[in-house]
Structure formats: C-alpha cells, structure tokens
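Below is one structure; the comments refer to it alone.
The values are calculated or read from the model by the stated rules, or taken from the named source; none is laboratory data. Owing to the predicted nature of the structure, the values given are computational and were not obtained by experimental measurement. Every residue, glycine as well, gets a Cβ built from its backbone with ideal geometry; the counts of neighbours run over all protein chains shown. To get the accessible areas, we keep the full protein, side chains included, count just its heavy atoms, and leave off ligands, DNA and RNA. Shrake-Rupley method; radii C 1.70, N 1.55, O 1.52, S 1.80 Å.
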Amino acid sequence: MSEDPVVLRPVTEADLSMIEQFLTDPEASGPFQWYGWGDPGRVRRQWAENGLLSDGAGRLTVAAGAEQLGFVAWRKVNTARNFCWNIGAQLVPEARGRGVGTQAQRLLVRYLFAHSPVVRIEADTEADNFAEQRALEKSGFTREGVMRSFVFRDGWWRDVVRYSVLRDDLAADEPPKLRATQAARTVPGG
C-alpha cells in the first residue's frame, strides 16, 4: 500500500472497474458486503449521468497517491422535517485492517458537515462486523443500539448496529479560529 496519505476524491472513469468489482466478486466485497450479483452497468450509467454525485447521494474514491483503495458513499435519510446522511465504506481487500476505513470515514464526516447543513450522520454495520464497529468508534461515531433482523444477506436476516456522529461532537476538534468565527455568527447582533 502506498505511503501517501489517504484522501477522498471524485470518482473518475478509471475508478469504475474497481467499484464494479464489488458488484461481481464476492471475495472483493468481503463477508459483510456481498448481497448477491448486481448490475455493474448501473455504476457506469450513474457515473455518466452525474459523476456519482447528486443532491441525495454520492460516492467518492478512497485513494493514496495513484492507488485506489475503495470508495465511501452517503445517502439522504429523511427525518421528521429534515434529513441526515447515512454513510458507508467499501475497501479493496489489500486496504482492509490498516486504518484506511477509519481515515476515510473521518474524512467523509468532515466533508459532509462542511458542505451540508445536517447535524447528524449515521452509519450501520452488521452486529458481527467488529472491525467496522471499531473503525466507526475511532472515527468519532457513538453506538446507539441494535436494529434486529434489519438486513437480509446470505439467506438470513441479520441484526445491525446503528452509529451516529453529531455536528456538535466534532466542535472540539475544529480549529480555534473556525470555532470563534462560528460563535460570532451565532451571537445575536453579531
């Protein structure tokens, strides 16, 4: 794996075959992401339509230098009178277990809070996916609870653990100048 830092970037045409592999290769998908054969052509159609970036969902490539490590994704989830994001990550087998998922999810959370007004970002993972649970916790997410029989995979309904991170959870991590600027804007008459 490259020694370059992990970054997120828009999906390019060269990235599409890596993303399509997750829809056609159970080994590439890993034990918690294989939901059966999918239409790999839909990724190319969506990319041609909007570059995999829309108002309600998106994908970015996870990379280190020129190396494709996987992708992160988000989708809009409607709440009572607003919305939040639900995110996920999919890494190539060579990138797993090295902290890449933690870094990528942390970067995605910061990106979504910086570019949308949401106050909540959610992530779900199967109850047996302990590696992803650790990655989410290291990324700043808080475990909220278990949703029973929530996902159907490999012939069985499986429990899912829900995590979330709130905009205020990250406030302490922001640069002081940014916090001061935001505070000045929230003071009446400021």
**Study point:** Residue check, Q46 in contact (Cβ under 8 Å) with a residue 40 or more places away in the chain and over 17 Å from I121 (Cβ atoms)
**Key:** no
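To keep it simple, each residue is scored yes or no on (1) of a type in the set (V, I, T); (2) more than 15 Å from the chain's Cα centre (by Cα); (3) assigned to a strand (DSSP E or B).
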residue: Q90; (1), (2), (3): no, no, yes
residue: E94; (1), (2), (3): no, yes, no
residue: R110; (1), (2), (3): no, no, no
residue: E122; (1), (2), (3): no, no, yes
residue: Q133; (1), (2), (3): no, no, no
residue: S149; (1), (2), (3): no, yes, yes
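Within the group S116, S139, which residue is of a type in the set (S, T, N, Q), within 23 Å of A64 (Cβ to Cβ) and open to solvent by less than 40 Å² (accessible area, probe 1.4 Å)?
Numbers: S116 fails: within 23 Å of A64 (Cβ to Cβ).
Just one listed residue meets the conditions, S139.
For E132, indicate whether it is crowded, with 16+ Cβ neighbours inside 10 Å, in contact with a Gly (Cβ under 8 Å, 6 or more places away or on another chain), more than 22 Å from W47 (Cα to Cα) and at pLDDT 95 or above. Step through it out loud before you land on a result.
On the way: crowded, with 16+ Cβ neighbours inside 10 Å: yes; in contact with a Gly (Cβ under 8 Å, 6 or more places away or on another chain): yes; more than 22 Å from W47 (Cα to Cα): yes; at pLDDT 95 or above: yes.
Criteria met by E132.
Look through V62, V72, V43 and report the one residue that is buried (at least 17 other Cβ atoms within 10 Å of the Cβ) and not in a strand (DSSP E or B). Outline the logic, then answer.
On the way: V62 fails: not in a strand (DSSP E or B); V72 fails: not in a strand (DSSP E or B).
From the options V62, V72, V43, the qualifying one is V43.
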Exercise for review: Those residues that are in contact with a Phe, Trp or Tyr (Cβ under 6 Å, 6 or more places away or on another chain) and closer than 20 Å to I19 by Cα, I need them from segment 68-110; list them, please.
Suggested key: W74, I87, Q90
